[in-house]
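The block underneath contains the structure these notes are about, expressed in structure tokens.
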Amino acid sequence: HDLALRKNIQTWTAQDASGQLLAFSRNEMVGYEAQSRTLTFKGQSTWNHSIPKPQQVTSLILTKAHVVAAGSRDRQAHLAQGVLWLLGRQDGKVTKTIELPAEVVFDGLAASRNQVFVSSQDGHLYCFGSKTRASKTSPE
């Protein structure tokens, strides 16, 4: 993976995707370009999704069914609140938006066993997803 510096912003590049944030699996990639506020997905399908101002993405992961993005609703606000988006991998449409009481930390997302974990600036760890699936599986 190459690291490029443009206008003092780190930009990562992997195959055909680039951005300040990247998430990828063997055959699919998603990147977030902060200046244009755009998520770009490349895989079996290709799509772009614009993030409205003043929202900003600070964390990005891929799950089996979704692109999961999280960040701030308004970083300029005195007490910035957070937001979590689930986007369909096939079409990039937002399937769920969850508002959080605090901004999500940089790279503060993780996923395991049908659950998404979100770490926030106020020190909380949130868990969203299927409790049933998580409780029936044993640690590996």
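Brief remarks on what is shown
- The amide H of D74, built 1.01 Å from its N in the peptide plane, has Q81 as neighbours under 5 Å, considering only residues 5 or more places off or on other chains.
- 5 angstrom amide H check on A102, placed H, neighbours 5+ away: G82
- Sequence-separation-based contact order of segment 18-140, relative, with Cα cut under 8 Å and 6+ spacing, percent: 15 percent
- Probe 1.4 Å - accessible area at L39, Å² to nearest ten: 0 Å²
- Percent RCO, i.e. relative contact order, over segment 77-136, from Cα pairs under 8 Å lying at least 6 residues apart: 23 percent
The values are calculated or read from the model by the stated rules, or taken from the named source; none is laboratory data. Keep in mind that what you see is a predicted model, and the values were worked out from it rather than measured. Keep in mind that these areas ignore ligands, DNA and RNA; they rest on the heavy atoms of the full protein, side chains included. Shrake-Rupley method; radii C 1.70, N 1.55, O 1.52, S 1.80 Å.
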